[in-house]
Amino acid sequence: MPAAPKACAPYAVARTRKGGMPVSLENRPGGKVVTVVGNVSGDAAALLNLLKHRCGAGGAVRGEVIEIQGDHRERITTLLRDALR
């Protein structure tokens, strides 16, 4: 029996001009740190749920930007690179 085709993700994250992932860190008042994923198109809520589950942290969608509480730059970058291959 042939394998089922891989379903494409309902979201996309565009790379930066230099070819990297648009993942950065922001400091918030009170010493809080937030990881920001930019250039998100499509179903950002689905990507948010995936990132929250994989990072074990809270987060929010603000327009084309996803914010995850805490410093998760390496984990998110690896996850996005694997998902977009």
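The values are calculated or read from the model by the stated rules, or taken from the named source; none is laboratory data. No experiment lies behind these values; they were computed from the predicted model shown. Every residue, glycine among them, receives a Cβ derived from its backbone with ideal geometry; neighbour counts consider all protein chains shown.
Details
- Scan of the stretch 39-85 for residues that are out of contact with any His (no Cβ under 7 Å at 6 or more places or on another chain), modelled with pLDDT of 95 or more and part of a loop (DSSP other than H, G, I, E, B), ordered by number: Gly56, Gly58, Asp71, His72
- Residue in the stretch 8-26 that is surrounded by 15 or more Cβ atoms within 10 Å (Cβ to Cβ), in a strand (DSSP E or B), at pLDDT 95 or above and among the hydroxyl-bearing types (Ser, Thr, Tyr) present: no
- Residue check, Val36 assigned to a strand (DSSP E or B), within 9 Å of the chain's Cα centre (by Cα) and within 18 Å of Ala14 (Cβ to Cβ): yes
- Residues that are within 21 Å of Arg28 (Cα to Cα) and among the acidic types (Asp, Glu) were ranked within the stretch 42-85; the one that is surrounded by the most Cβ atoms within 10 Å (Cβ to Cβ) is Glu67.
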